[in-house]
Amino acid sequence: MRIAIFALGSRGDVQPYIALGKGLQAAGHTTRLISHENYEKLVNAHGLEFWPMPGNVQEFVESTEMQTLLEKGNFIAIMKYAAQNAKTTMLTWAQEGFQACQGMDCLLAGFGGLFLGLALAEKVDIPLIQAYYVPFTPTREFAGALVPSGISRLGGWANLFSHHLTRQIMWQQGRSADTAARQQVLELPAAPFFGPFQSPRLQSGPVLYGFSEEVIAKPADWDSQAHVTGYWFLESEWDWQPPPALEAFLQRGPAPITIGFGSMSSRKAEETAQLVLQALAKSGQRAILLTGWKGLQVDALPDYVFALDSAPHEWLFSQVSAVVHHGGAGTTAAGLRAGVPSIVIPFFADQPFWGQRVADLGVGPAPIPRKKLTANLLAQAIHQTVQDAAMRQRAVALGEKIRAENGVARAVALIADRAK
């Protein structure tokens, strides 16, 4: 079978789909990954065919406008800004996507490309398989990933409504761009005003969820089309070696914590770094700082702190006693698999959802929203995390269960069943 995977977003958004692509390719399927042009080296490094889509997502996230919005944490404003920028490129994406899907037997898409992916599947007349790493199917059991978690206190009806609200937030922000792509490029009718959620292509195939049942059990009100497969982990590049200075730092004392905010860049990178250093001084902990996409900017450091641009999470998180991060789905999953507690500092989108889930599982303290973060609050969370033996044991036990799963293999088997 020839499968196209449509994956747009940050590196954390794209990596699970690279993992799926590798699994499908190992099972004998021809796999093409369609994503932003700046991921070409990453995709090729894992042996997949790559089809570039115009635009560099890192440059977009690091723009002054986007950094300002990220600091405010207003998801609606962020979505609106992203949609406005996407509108100028959507026509090109539709043209490129149409070419990328030629000769394919199936298209797989999730959050980063669902609506355009559906339009492409309709145009080329191939099945569409939905594949998400965040809950998207409505349920009464918990609130949608993009709304405040406190809504659950209102009961099952509020939870169910919140999922439909989440869908409308996503759809309405991009509706005009989707309509333009459908009508001007693909020569298709516009999708319904309230979205294409009742499309036969969305109703007929499996819906795959790339997270663990140990983290979110499949809700009782999801139908048999929805499958919680386990996480889709992209294994590290095995030729990666830690810098000698990092190895020396690790050997000089007890296991440090690691702190980094991934793709969440900031205009106040130096200020954020100083806040983190103050918290470390108050808590008395050693730390590795991941500077990421300009989320932290450091110059002079005390000898108990080591700065690193990036490192494979699979390796790094196994070396530390706790992980402080932004609550992205991929980073949260990596922390849980490593069996260490997480302190989540959510910025926006689904990050508060994952931060609350970590706390509910008892493998981390309550999340601290980025706009409320202070050195004292971070120091208190670090102290609680490193001192709470029961929390640490729960994290170890959960990590063991997650490592025993093979989400990629399960997803590949379901995709193969769909093709029969």
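FYI, it's all coordinate maths here, none of it is from the lab. Remember, predicted model here, so these are calculated numbers, not experimental data. Positions of Cβ are generated from backbone atoms using ideal geometry, with glycine treated the same way; all protein chains shown enter the neighbour counts.
Here are some notes:
- Computed [θ] at 222 nm, deg cm²/dmol, the chain (DSSP H ≥ 4; -39,500 (n - 2.57); rounded to nearest 500): -14000 deg cm²/dmol
- Note on R2 and Q184: the model spin-label points, each 7 Å out from Cα along the C-beta direction, lie 2.9 nm apart.
- Inter-centroid distance (Cα atoms) of the stretch 106-125 relative to the stretch 268-290, Å: 42 Å
- Working from label points 7 Å from Cα in the Cα-to-Cβ sense, the D221 to A307 distance is 5.0 nm.
- Pairwise Lys count, the stretch 244-403 - Cα closer than 28 Å, eight or more residues apart or different chains: 9
- The gain in end-to-end length when the Q95 to Q168 segment is fully stretched comes to 23.7 nm, 0.36 nm per residue minus the alpha carbon separation.
- Between the listed residues I402, P312, Q25, the Cα displaced farthest toward the positive end of the dipole of the chain, a dipole computed from Cβ unit charges relative to the Cα centre, is found at I402.
- Compared with the alpha-carbon gap, the fully stretched path from A366 to W157 is longer by 72.7 nm at 0.36 nm per residue.
- Model label sites at A397 and A416, defined 7 Å from Cα along the beta-carbon direction, differ in position by 3.5 nm.
- Label assignment, Rg and Dmax of the Cα atoms in Å derived from the structure, set [x] 21.0, 64; [y] 27.8, 85; [z] 20.4, 70: [x]
- Sites A300 and A255 - FRET efficiency at Förster radius 35 Å, r taken between beta-carbons, to 0.05: 0.90
- The stretch 157-194 and the stretch 359-401 have Cα centres lying 37 Å from one another.
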